[in-house]
Amino acid sequence: MNETILKGLQATGYGMSGVFLVLILFYVLTKLLMTVFSNFPKKDE
């Protein structure tokens, strides 16, 4: 294969793994915040 194609595939792999890493991190942080703040009593308005 051409060296340019391999570099492009490598960059695509880094980009896609970065996107999925951020999505997984966002999911984990959301679940963590939900468990932390679910212990607080709700305000009556």
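None of the figures in this text is laboratory data; all of them are computed from the coordinates on show. The structure displayed is predicted, hence computed values, not measured ones. Quick reminder, even Gly has a Cβ in these numbers, built from the backbone with ideal geometry, and neighbours come from all protein chains shown.
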Provide the FRET efficiency to the nearest 0.05 for the residue 12-residue 40 pair, computing r from the beta carbons and using R0 = 35 Å.
0.20
Just rank 43, 31, fewest to most, by other beta-carbon atoms within 10 angstrom.
43, 31
For helix 3-37, what angle does its Cα long axis make with the longest principal axis of the chain, in degrees from 0 to 90 and rounded to 10?
10 degrees
Compute and list, largest first, the equivalent-ellipsoid semi-axes of the chain from the alpha carbon gyration tensor, each √(5λ) rounded to a whole angstrom.
44, 7, 4
Least to most buried among 20, 40 (fewest other Cβ within 10 Å first)
40, 20
